[in-house]
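**Q** Below is a structure I'd like to ask you about.
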Amino acid sequence: MDKEKFRKYGYELIDWVADYLEKAEKYPVKSTVQPGEIKSKLPPSPPVHPEEMDQVLEDFHKIIMPGITHWQHPGWFAYFPSNNSPASILGELLSAGLGTQGMVWQTSPAATELEEVVMDWLRQMIGLPEGYAGVIQDTASTATLCALLAARERATGFEVNEVGFSQALRVYASREAHSSVEKGVKIAGFGKKNLVYIPVDDEFALIPGELERAIENDLRAGLKPVCVVATVGTTSSGAVDPLKPIGEICRKYGLWLHVDAAYAGTAAILPEKRWALEGADYADSLVFNPHKWMLTNFDCSAFFVKDPQVLTRTFEIHPEYLKTGVDAVVKNYRDWGIQLGRRFRALKLWFVLRSYGLEGIKKIIRRHIHLAELFRDELQQDRRYEILAPVYFSLVCFRFNDGRPEEELNRFNQQLLEAVNATGRVFMTHTTLNGKYTIRLVVGQRTTEERHVRQALEIIKQKTAELLQF
Ligand SMILES: Cc1ncc(COP(=O)(O)O)c(C=O)c1O
């Protein structure tokens, strides 16, 4: 593609994305294609000869777009958000244009140094004390795996890296912890059996006394406790594990404390939500995702560590071909995680932070929390809807409950969710809480306004009435 064509299609696509962001609402939120439908429209073998970009774009609109689920739709209330913003898209465009790769400082000094600076801005924004050092990981799953590996190495004097496991090492997390903890435990070689799930209280938060009891049991059995993963903003219900008492237990027994604040960490930029991270200063590591709720397009996960030397000693490698003359005085982020090659993600984060400013981001997060509270309050006006967990952030867990037996309620709420989503105007997902089928509504899209939340309420009530007629 020559420069003029690149320019032509570039302008065209920026126009298209600008319109898309404004008009995402016209699409059904969740793609309606059937499994295999998109694949059946694509050739099984690669193109042999060059094709015109017009043709590629035509197929994009015709074949790909119907298979897109629209995460940027204002009716997106599913999972957790993965919101983006014009500023972040422009940062991403430049990053792709530069095509730079920041594996070591000299492969783009600006990529490394901008990352150091924006990560320290984020540290200040969420109120982590000075001294924590940040690195951008692709996802919270990767960050948690890195924490588990560093915890493993610190606990064994870096022995597992050298000779492998010589004893069972134990990891603790609440039974509401995200599945990425189990995945990390498996990948890091602890073995799934060595992940100890700790009971939770009525609000789905880890019970510190139960944690201490589990650690004591393990010590008596000759097992070695190594790491606790605490969650701030659990995936199912938004619960907050109490970091301070958990941190004190970790300190007492010399365990690594990793805090998974993937979704709710962003809320800590608000003074009124800072309580959620109270005790985070006990943490050896913490992760939160600007790619969830901070307007930065996927992927961008902010990972902080108290002692970066443990992390870099866990991951460091020194092949001759990567040595540079400045290694003693710069950060080489290749040693801060799993991958060698690294995308220039700091650029889009920098664009977002400068374009919105702290106050601009706070305003959006406050609006989302307010809309979630409004949804909860309005839904509760009808006594047949039950709120199943406290609403600390922007996630509301609810179900319809007219007193019929639990099994029937589970079936009814599942049908309700399917009917609501089939409208194409909103998209919510589910979980189970104490065995109850639970509908989750999360507000987190940049463009979601009160009218979208009211529309969600209307749809829920209308579909409930329709189902009750059968
Ligand atoms: C609490 C929590 N931790 C971790 C993750 C995994 O996030 P990622 O997709 O960045 O790996 C999620 C995803 O929703 C989450 O809710």
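Computed from the coordinates by the stated procedures, all read-outs in this text should not be read as laboratory data. Since the structure is predicted, the reported quantities are computational estimates derived from the model, not experimental observations. Methodologically, a virtual Cβ is constructed for each residue, glycine included, from the backbone with ideal geometry; neighbour enumeration extends over all protein chains shown.
**Q** Would you confirm whether or not the range 164-187 contains a residue that is surrounded by fewer than 20 Cβ atoms within 10 Å (Cβ to Cβ) and of a type in the set (Ser, Thr, Tyr)?
**A** Among the residues of the range 164-187, at least one is surrounded by fewer than 20 Cβ atoms within 10 Å (Cβ to Cβ) and of a type in the set (Ser, Thr, Tyr), which makes the answer yes.
**Q** Another question about this same structure. Residues that are free of Cβ contacts under 8 Å to residues at least 60 places away in the same chain and touching a helix residue (DSSP H, G or I) at 6+ places or on another chain (Cβ under 6 Å): does the range 260-275 have at least one?
**A** No; the residues of the range 260-275 include none that is free of Cβ contacts under 8 Å to residues at least 60 places away in the same chain and touching a helix residue (DSSP H, G or I) at 6+ places or on another chain (Cβ under 6 Å).
**Q** So which pairs qualify, if the first residue must be in the range 358-386 and free of Cβ contacts under 8 Å to residues at least 12 places away in the same chain, the second must be surrounded by fewer than 18 Cβ atoms within 10 Å (Cβ to Cβ) and in a strand (DSSP E or B), the Cβ gap must be under 8 Å, and the two must be at least 6 apart or on different chains?
**A** Within 8 Å, the pairs are Gln380/Ile387.
**Q** May I pose another question? Kindly indicate the residue of the range 127-182 that is among the β-branched types (Val, Ile, Thr) and within 14 Å of the ligand (Cβ to nearest atom) and also farthest from Val104 (Cα to Cα) among those meeting that condition.
**A** Only one residue tops the list, namely Val181.
**Q** Would you confirm whether or not the range 415-424 contains a residue that is farther than 19 Å from Thr69 by Cα and either touching a strand residue (DSSP E or B) at 6+ places or on another chain (Cβ under 9 Å) or assigned to a helix (DSSP H, G or I) (or both)?
**A** For the range 415-424, residues farther than 19 Å from Thr69 by Cα and either touching a strand residue (DSSP E or B) at 6+ places or on another chain (Cβ under 9 Å) or assigned to a helix (DSSP H, G or I) (or both): present.
**Q** Going through the range 266-291 one residue at a time, which ones are farther than 21 Å from Ile369 by Cα, under 17 Å from the mean Cα position of the chain (by Cα) and among the small types (Gly, Ala, Ser)?
**A** Within the range 266-291, Ser285 is the sole residue that qualifies.
**Q** Here's a follow-up. For the range 101-136, which positions are assigned to a loop (DSSP other than H, G, I, E, B) and crowded, with 17+ Cβ neighbours inside 10 Å?
**A** Gly102, Met103, Val104, Ser108, Leu128, Tyr132
**Q** I'm trying to understand the selection: among the residues of the range 183-211, which are more than 16 Å from the ligand (Cβ to nearest atom), within 27 Å of Ser301 (Cα to Cα) and touching a helix residue (DSSP H, G or I) at 6+ places or on another chain (Cβ under 6 Å)?
**A** Lys192, Val196
**Q** Identify the residue in the range 63-87 that is touching a Lys or Arg at 6+ places or on another chain (Cβ under 7 Å) and within 16 Å of the ligand (Cβ to nearest atom) and, among all such residues, is nearest to Lys39 (Cα to Cα).
**A** Within the range 63-87, the match that is nearest to Lys39 (Cα to Cα) is Thr69.
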